[in-house]
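Working notes for the structure below.
The values are calculated or read from the model by the stated rules, or taken from the named source; none is laboratory data. None of the values given here were measured: they were computed from a predicted structure. Glycine gets a Cβ as well: all are built from the backbone with ideal geometry, and neighbour counts include every protein chain shown. Surface areas here come from the heavy atoms of the whole protein model, side chains and all, with no ligands, DNA or RNA. Shrake-Rupley method; radii C 1.70, N 1.55, O 1.52, S 1.80 Å.
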Amino acid sequence: MNRPVLILGVEPRITLAIARSLNRHGIGVDVASLSVSDLRLHSRAIDDFVRLRGPLPASAVDELVRLIAQRRYDMLIPATDAALALIGENETNLRGLVRLACPRAEVVQRVLNKSVTIDFARRAGIRVPESYAISDSCQLEALAAQLRFPIVAKPSHKSKETDFKVRYFQNYEKLSQAFRDDSHFGQKVLLQEFVRGDGVGIEMLIHNGEPLVTFQHRRLKEVPANGGAAAVAVSEPVDSMLAEQAFALLRVLEWEGVAMVEFRFDRQAKRSALMEVNGRYWGTLALPLRAGVDFPWYQWQLAHGQRPDVPADYPAGVRWRWTAGYLRRWHGLLLSSLPKVLRRPVTLKELLPSVTDLSSADAVWRWDDPWPAVEESFRQAAHLIGGDAASALRKMGIQRRKGIERARSTIQPERSDLEA
């Protein structure tokens, strides 16, 4: 009988895809959360959900080590960058206890630190966006003439918690304001030129330095709408140029295991630029599973000395939708479109979901295991509604204060006149 697997980290569309894959093959799965804010997953594919309670990282690692020893897990799989970083930083304590679904620690750091990843990409001859090292407002002012807008800001280290994955700045004034609002902004982000093109992911399973499995998807809609995570995606035939670049980068990184290399790809010009590397399972994992490419099962087999039966091909045109992300994208579009509706009512039609979007395979929903999708979508809707309500209250408070100030300013001269 196979020993159970522990998935570390909670990102429902990733964690559930891994759990369901392994569960279909008779492998028990538990999930350990690293954050009190993580959604507790209730799924038929998950035997137990454990929330590591200690303040990170030291106490959580101790609790994780005890958990692995007590329950005799066979394999530890990171589902988030924070989980990947935690495993990498504690490799010595963990590797003797359990099989780790990631390469050695120094290799892990090469994909978590985006500046280091860029250096390796250049070494492999892969085009990367123009990047700017700007730590404070003084440097920003000195380099103002060299900046090409729009500019994209991303967290400089993938494992560090931030309130955004990507931010766009259309001009110098808005970027400068971000530096003024947060004196450490430049130290926390990587600034890059904006690169046009489709968001394309090349997913690979590397074994003994060779790609055993390769899959490609294209983002059809993103959240936020101007660029970010995939909200709707589709499977595509593997583009040989992109696959060669992805493998060249993973080879120079000395990567083993699963990874997704993300590009911006201008199809007409046949020109690509590296966006990032995910050194763990990616957000659209349910898409290759839907297309018959079972990455988690293949990785488990390799870890246990088995040779996976990988299909020679997979169907192109399989569509995938992340409903919670789709809701967030629609909400953002709605807020940005409201001022235009009175001038151009046709804008409302642009907000209606398409039939093909709604009929796409859902990242989380399963008829035989519906509760995780219900929970995630409800939580996302409640978050958006709550945010709108809080924003409305703040605006009302600001308007009320302004009204009081205006009233006081008109009354004050009259009092002065009486005193005179």
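Packing order of peptides 292-301, 144-153, 79-88, highest average first: 79-88, 292-301, 144-153 (average count of other Cβ atoms within 10 Å over each peptide's residues). For the stretch 1-119, averaging the sequence separation of C-alpha pairs within contact (under 8 Å, six or more residues apart) and dividing by the residue count gives a relative contact order of 26 percent.
The trypsin sites (Lys or Arg not before Pro) of the stretch 1-54 that meet both conditions, a loop assignment by DSSP and at most 14 other Cβ atoms within 10 Å of the site Cβ, are 40, 44, 53.
Using R0 = 35 Å, the C-beta based FRET efficiency linking residue 198 and residue 37 works out to 0.60. Give the relative contact order (percent, whole number) for the chain; include only Cα pairs under 8 Å separated by 6+ residues. Relative contact order comes out at 15 percent.
Here the simple spin-label model places points 7 Å from the Cα toward Cβ, and for residue 354 and residue 212 these points are separated by 3.6 nm. Ranked by solvent-accessible area (1.4 Å probe, protein heavy atoms only, all chains present), the residues 138, 102 order from largest to smallest as 138, 102. How far apart, in nm, are two points set 7 Å out from the Cα along the Cα-to-Cβ line at residue 115 and at residue 396? The two pseudo-label positions are separated by 4.6 nm.
For the stretch 149-230, the relative contact order is 26 percent, taking Cα pairs closer than 8 Å that sit 6 or more residues apart in sequence and dividing their mean separation by the residue count. For the chain, the per residue solvent-accessible surface stands at 50 Å², with DNA, RNA and ligands left out and a 1.4 Å probe. If you sort the three axes of the alpha carbon gyration tensor as a ≥ b ≥ c, you get a/c of 1.5 or more for the chain and a/b above b/c, which makes it prolate. Largest first, the residues 160, 154 sort by 1.4 Å accessible area into 160, 154. On the protein heavy atoms, probe 1.4 angstrom, tell me the percent of accessible surface of the chain carried by carbon and sulfur. Here carbon and sulfur together make up 53 percent of the probe-accessible area.
Could you give the angle, 0 to 90 degrees to the nearest 10, between helix 12-24's Cα long axis and the longest principal axis of the Cα atoms of the chain? The helix 12-24 is inclined about 20 degrees to the chain.
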